[in-house]
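> Okay, here's the structure, questions in a sec.
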Amino acid sequence: MKIKHITAAMLVAAGAGFAQSASAQDLAVKPLADLRLRYESVDQQGLAQPEADAVTARLRAGVEARTGPLSALVEGQGTLRLAGNAFDGLTGAANRPLIADPENVALYRAQIAYRAPSFAVTAGRQRIMLDDERFVGGVGFRQNGQTFDAVRAEWTGLPGLRADVSYVWQVRTIWGVDGTGARPRSIDGDNILASLSAKTPLGTLTGFGYLVDQDEAGVQGYRLSSQSYGARFSGAQKLSANTKLGYAFSYARQSDYRRNPNDYTADYWLADLILDLSTLKLNAGYEVLGASDGTALTSFQTPLGTNFKFQGWADKFLATPPNGVRDLYAGASYGWQGVTVQAAFHRFESDRLDQHYGDEINLLASVKRKKTTISARFAHYDAKTFATDTSKFWLQLDWAL
C-alpha cells in the first residue's frame, strides 16, 4: 500500500480520535481569515505588448480546532481578478507580461496534527517552510500560495537537537484548480525533505537532504527532479547593547534524481551578513546557484522554494539559467513604529563563461497598524546579456484576523 493511502487512513483514524478527545476535553476553536488586495503593473521590454497590469483580491478563510495535543485545520482560498490586461499564465494574451495570479477557488489547507512536548506529526494538505525558504517554502507573495499533501514529523527529544522529515506525494502549485500543462494545479511525486539541526553557542548547524520528484512530464519533462544535500549555519552575536551581527552560510550539491533525463551536478553557495543597529539594518551577501555544462536545467534549481524572496523581485531568475547565476547584493532597511523602508541592489553574473547578466534595484515602503499592512514595492532590472529591461510596481493591502 502506498504511503499516501496509509496517510488517508491515518487522517480518518485521527479524525475519529480527535472527535473522541474533544468530547472529553475542552475544545478551543480559532477562526482563520486573511485578505489581500493588490495592484501590480509590469513594463517588460521585448514583448509585442510590453505593458500589463492587474488588480487581484485574495481571501483565505477557515477554522482551527484544538483539544489537548490534537488539532485539526481546514482553510479555503479564493482569488479573483478585478481588473487588468495581464497574462496570468493560464488566460489572457501571452504576448503581454506575466502576472502569475490566476483566478482560483480551492482547498488551501486541510490537516490534522498531534503535538507532544518533544514530537509532532502533521498529516494532510499543509504549508512547509524550511529555514529561509530557499529550497522549500510557501510562495507567500503570490496570491495562490504553494502547499503540500504530506506527512511531516518533527522531533526535539534531545536538548539542542531537532529532526524534521516530510514525505510529500503532491505539491499544490500557485496555478490553482485550472492549472494545466507546464503550469499544472498539482505535481505528483515521491518527495523526501529531511534535516537535522544542532544548536551551538554561535548558531544553528543544519544538515539537510531534499529529494525532489517532479513526476509530471508536462513540467520540463521531469528535468526538475533533483537530489540536494548540504549544510547551513546561521546565528547572531551581540556586539553591544543595541547592535548585533547576524550571519548565514550554506553549501549544497545537487544532481539529477528519479526520471530526470539529464546527468549533472551543480553547487550552491551562500554567505549573508546582517548588521542590526536596532531601527537600522544593513545587509550584504553573495549567493551562487552553480552551473554544470551549460545545458538547460543542469544548473542548480529550487522548484519548491519561495524564489521571489531571492535574486530580485523582478523574477528574472525563478528558474536558474543554463550557465548558473551569481548574485552579489547589498541593502538597508529602516523600521520605526510600524513604518518600514527598504532598498537593495543586486549584481547578477553567470557561474560559467563570465557573463554580466544585469543589475537590479528593489525598493519597499510599508506601514502596519494592528491587523492591517499597506505596502508599495518597486523593482527595476537593467539587462546586460540576459533577459530584457523590466520594471514592476506593486501596491498592496493586507489584513489578517
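Every read-out reported here was derived from the displayed coordinates using simple, explicitly stated rules and does not represent laboratory data. Everything numeric in this text was worked out from a predicted model, so none of it was measured. With ideal geometry, Cβ positions are generated from the backbone for all residues, glycine too; neighbour counts draw on all protein chains shown.
> What Kirkwood hydrodynamic radius do you get for segment 3-400 when you take the inverse of the mean 1/r over all pairs of distinct Cα atoms, in Å?
Its Kirkwood hydrodynamic radius stands at 22.6 Å.
> Then there's this: Under a crude label model (7 Å from the Cα following the beta-carbon direction), how far is residue 233 from residue 26 in nanometres?
Simple spin-label model gives 4.5 nm for this pair.
> Which lysines, if any, have their Cα less than 24 Å from the Cα of residue 30, not counting same-chain residues under 8 positions apart?
368, 370, 371
> Using a cut-off of 14 Å between alpha-carbon atoms, which aspartates and glutamates can reach residue 281, once sequence neighbours fewer than 8 places away in the same chain are excluded?
272
> At R0 = 56 Å, how high is the FRET efficiency between residue 240 and residue 105 if r is their beta carbon distance? Nearest 0.05 is fine.
The value I calculate is 0.60.
> Could you derive backbone 3J(HN,Hα) for segment 300-312 from the dihedral phi with the Karplus parameters 6.51, -1.76 and 1.60 (θ = phi - 60°), listing whole Hz in sequence and x where the residue is Gly or Pro?
5, 10, 10, x, 9, x, 8, 6, 4, 5, 10, 6, x
> Working out 0.36 nm times the residue gap between residue 204 and residue 48, then minus their Cα-Cα distance, what length gain in nm do you get to one decimal?
Once the chain is fully extended between residue 204 and residue 48, it gains 51.2 nm.
> Here's a follow-up. Using the beta-carbon distance between residue 65 and residue 354 and R0 = 45 Å, what value does 1/(1 + (r/R0)^6) give for FRET efficiency, to the nearest 0.05?
0.20
> On to the next question. If you wrap segment 76-165's Cα atoms in a convex hull and average its projection over all directions, what's the area in nm²?
In nm², the orientation-averaged hull projection of segment 76-165 is 7.5.
> How high is the relative contact order of the chain, given as a whole-number percent (alpha carbon pairs under 8 Å, six or more residues apart)?
Reported relative contact order: 11 percent.
> Please find the FRET efficiency linking residue 258 to residue 399, where r is the Cβ-Cβ separation and R0 is fixed at 41 Å, and quote it to the nearest 0.05.
E between residue 258 and residue 399, to the nearest 0.05, is 0.45.
> Using 0.36 nm per residue, how much length does the chain from residue 83 to residue 275 gain when fully extended, once their Cα-Cα distance is taken away?
Extra length available between residue 83 and residue 275 comes to 65.0 nm.
> What's the extension gain from residue 284 to residue 91 if we count 0.36 nm per residue and subtract their Cα-Cα distance?
Answer, rounded to one decimal: 65.6 nm.
> Would you calculate the separation in nanometres between label points at residue 35 and residue 180, each defined as 7 Å from the Cα along the Cα-to-beta-carbon direction?
Between residue 35 and residue 180, the label points sit 3.3 nm apart.
> Near residue 281, within a Cβ-to-Cβ distance under 13 Å, what is the net charge of the other residues, with Lys and Arg +1 and Asp and Glu -1?
Summing Lys/Arg as +1 and Asp/Glu as -1 gives -1.
> Using alpha carbon centroids, what distance separates segment 281-331 and segment 118-176, in Å?
So the separation of the two Cα centres works out to 22 Å.
> So, one more: Just to be sure I understand: with springs between alpha-carbon atoms less than 10 Å apart, which residue in 315, 263, 215 has the highest mean-square fluctuation in the Gaussian network model of the chain?
263
> Taking neighbour counts of Cβ atoms within 10 Å as a proxy for exposure, in what order, fewest first, do 152, 172 appear?
By the 10 Å Cβ count, ascending: 152, 172.
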